[in-house]
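Undergrad: What follows is a single structure, and I will ask about it in a moment.
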Amino acid sequence: PTVIDRNEIVTMRFDHGGLRIITDGRALDRAAGGERVRVLNLSSRMTVTAVAAGPGLVIVGPAR
């Protein structure tokens, strides 16, 4: 099932080594949980690839 819809405002979360950064983004694609999705960072206007973690939440960061 889809947890991220295209054009939805999502929470982008980055976790690494005790550092956590949270910001808003706009999903450029639809995605189910665990799928990769392109997201436009609304602060920097850069497009990043993230993983859909749940409704309205994507995880950005180093591959694990």
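Undergrad: Answer yes or no: is there a residue in segment 38-58 that is touching a His at 6+ places or on another chain (Cβ under 9 Å) and not hydroxyl-bearing (Ser, Thr, Tyr). Walk me through it before giving the result.
TA: Of the residues in segment 38-58, the ones touching a His at 6+ places or on another chain (Cβ under 9 Å) are none.
The answer is no; no qualifying residue exists.
Undergrad: Mind checking whether some residue in segment 17-31 is of a type in the set (Ser, Thr, Tyr), within 11 Å of PRO55 (Cα to Cα) and part of a strand (DSSP E or B)? Break it down into steps so the answer makes sense when it comes.
TA: So the first thing to find is which residues in segment 17-31 are of a type in the set (Ser, Thr, Tyr), and the list is 23.
Adding the requirement that they be within 11 Å of PRO55 (Cα to Cα) leaves none.
Looking for residues that are of a type in the set (Ser, Thr, Tyr), within 11 Å of PRO55 (Cα to Cα) and part of a strand (DSSP E or B), one finds none in segment 17-31, hence no.
Undergrad: Go through (1) assigned to a strand (DSSP E or B); (2) open to solvent by 50 Å² or more (accessible area, probe 1.4 Å) and name the single condition LEU40 misses.
TA: If we test LEU40 against (1) assigned to a strand (DSSP E or B); (2) open to solvent by 50 Å² or more (accessible area, probe 1.4 Å), just (2) comes out false.
Undergrad: For segment 43-62, which positions are more than 18 Å from ASN7 (Cβ to Cβ), without any contact (Cβ under 8 Å) to a residue 40 or more places away in the chain and not in a strand (DSSP E or B)?
TA: SER44
Undergrad: On to the next question. Scan THR23, THR47, THR11 and give me the residue that is open to solvent by 70 Å² or more (accessible area, probe 1.4 Å), among the hydroxyl-bearing types (Ser, Thr, Tyr) and at pLDDT 95 or above. Working first, answer last.
TA: Working: THR23 fails: open to solvent by 70 Å² or more (accessible area, probe 1.4 Å); THR11 fails: open to solvent by 70 Å² or more (accessible area, probe 1.4 Å).
Matching residue, one of THR23, THR47, THR11: THR47.
Undergrad: From the list GLY17, GLY61, GLY33, which one is in contact with a Pro (Cβ under 9 Å, 6 or more places away or on another chain) and of a type outside the set (A, V, I, L, M)?
TA: The unique qualifying residue is GLY33.
Undergrad: How many residues does segment 13-42 hold that are among the β-branched types (Val, Ile, Thr) and under 13 Å from THR2 (Cβ atoms)?
TA: Within segment 13-42, residues that are among the β-branched types (Val, Ile, Thr) and under 13 Å from THR2 (Cβ atoms) number 1.
Undergrad: Any idea which of GLY56, GLY17, GLY33, GLY61 is surrounded by 14 or more Cβ atoms within 10 Å (Cβ to Cβ) and either modelled with pLDDT under 95 or out of contact with any strand residue (DSSP E or B) (no Cβ under 8 Å at 6 or more places or on another chain) (or both)?
TA: Details: GLY56 fails: either modelled with pLDDT under 95 or out of contact with any strand residue (DSSP E or B) (no Cβ under 8 Å at 6 or more places or on another chain) (or both); GLY17 fails: surrounded by 14 or more Cβ atoms within 10 Å (Cβ to Cβ); GLY33 fails: either modelled with pLDDT under 95 or out of contact with any strand residue (DSSP E or B) (no Cβ under 8 Å at 6 or more places or on another chain) (or both).
Answer to the selection: GLY61.
The values are calculated or read from the model by the stated rules, or taken from the named source; none is laboratory data. As the structure is a prediction and not an experimental result, all values here were calculated from the model. No Cβ is skipped: glycine too gets one built from the backbone with ideal geometry, and neighbour counts run over all protein chains shown. The accessibility values were calculated without ligands, DNA or RNA, using every heavy atom of the protein model including side chains. Shrake-Rupley method; radii C 1.70, N 1.55, O 1.52, S 1.80 Å.
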